[in-house]
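Worksheet for the structure shown next.
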Amino acid sequence: MVDHIAKAKDAATVILINKNCEFLLMERSPQSVFLPNVSVFPGGGLDNADMDKSLLDFAPGFNDDEKIAGLYFAAIRELFEEAFVLFSCLEEGTILDLENASIRSRFIEYRDMIHENKMTLSVLAEKENLIYIPEALTPFSRWITPKAMKTRYDTRFFIAVIPDRQQVSTDDNELINYTWIKAADAITLNENARIKLLPPTLFILDELKTFSKVDEIIDYAVNKDKPVIMPEAFSANGTAGVRFPFAPDYSDTDYKLPPVSGIPSRALITDNGWQLF
């Protein structure tokens, strides 16, 4: 029984793919207060600056509900802060070449300033004549942290292909390492305790492990159902973990979903970390 249910903070996460159909996983620092040593997709919480209406001036043709638009820009900002990948081009339509040494050096400084709240995306766009490309991000799924947790997020997952002329770079602060990896390989490494993955990441990688072409993944993301998934924590008979909403014994009627065959219905905490079942 949960005495007090913490409010879930809005957040955005990007499932980034390269042209080899590999996914970007970033390793959190062992000194991190939140989720040390865990491998994650880049992302983070929605900030007030992400909902600045002036950002729409730098994304012509893009318009959405204020909060939803903010989540797209949160995804763009967090991906830039954490992975040094920026979904933008120059105003004249020229590609943003972050592999160019002088441009890269300048934008690394911008990344640090944004991370330290000394610059916003709108100021960066005005300074460098940028156009942001939120439409390059395809909504994929929405996950809410279980009610039993003290820190909770209502996270929109987007999926996107890394732009040309850009290379991932960690911030060497919260995120200390990264890898491009096939979904099935990441699941195997997690099974063998070589990396640590959390249930949403595991579930998404399991969902995508059979795809071998990037365009097929994007088509799937566009057309798939996107129900809200709020796992339900449980502990019974010496096991502990979370049930997903389509598990037969999931009990929260507000989030319960019809059963789906052929996909995991729960994740358990084992000696090798979180595993799907």
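Bear in mind these aren't lab numbers, they're just calculated from the coordinates by the rules spelled out. In this text the structure is predicted, and so the values were computed from the model without any measurement. Here the Cβ positions follow ideal geometry from the backbone for every residue, glycine too, while neighbour counts run over all protein chains shown.
Considered as a group, the residues in the range 175-207 that are in a loop (DSSP other than H, G, I, E, B) and under 15 Å from the mean Cα position of the chain (by Cα) include one that is surrounded by the most Cβ atoms within 10 Å (Cβ to Cβ), and that residue is Leu197.
Can you spot a residue in the range 39-48 that is in a loop (DSSP other than H, G, I, E, B) and within 25 Å of Ala193 (Cβ to Cβ)? Step through it out loud before you land on a result.
Of the range 39-48, the ones in a loop (DSSP other than H, G, I, E, B) are 41-42, 46-47.
Filter once more, keeping what is within 25 Å of Ala193 (Cβ to Cβ): 41-42.
Checked the range 39-48: at least one residue is in a loop (DSSP other than H, G, I, E, B) and within 25 Å of Ala193 (Cβ to Cβ).
Residue check: Pro134 meets all listed conditions (1) surrounded by fewer than 20 Cβ atoms within 10 Å (Cβ to Cβ); (2) out of contact with any strand residue (DSSP E or B) (no Cβ under 8 Å at 6 or more places or on another chain) but one, namely (1). Checked against (1) without any contact (Cβ under 8 Å) to a residue 40 or more places away in the chain; (2) touching a helix residue (DSSP H, G or I) at 6+ places or on another chain (Cβ under 9 Å); (3) aliphatic (A, V, I, L, M), Ala101 meets all criteria but (2). A residue that is surrounded by 14 or more Cβ atoms within 10 Å (Cβ to Cβ), among the aromatic types (Phe, Trp, Tyr) and on the phi < 0 side of the Ramachandran plot occurs somewhere in the range 33-42.
Exactly one of these conditions fails for Asp206: (1) in contact with a strand residue (DSSP E or B) (Cβ under 7 Å, 6 or more places away or on another chain); (2) without any contact (Cβ under 8 Å) to a residue 60 or more places away in the chain. Give me its number. Status for Asp206: all satisfied but (2). Scanning the range 89-111 for residues that are farther than 16 Å from Val168 by Cβ and under 22 Å from the mean Cα position of the chain (by Cα) yields Cys89, Tyr110. When the range 170-185 is filtered for residues that are under 11 Å from Val40 (Cα atoms) and among the small types (Gly, Ala, Ser), nothing remains. Do we have any residue at all in the range 114-121 that's within 30 Å of Ala6 (Cα to Cα), of a type in the set (Val, Ile, Thr) and not in a strand (DSSP E or B)? Looking through the range 114-121, at least one residue is within 30 Å of Ala6 (Cα to Cα), of a type in the set (Val, Ile, Thr) and not in a strand (DSSP E or B).
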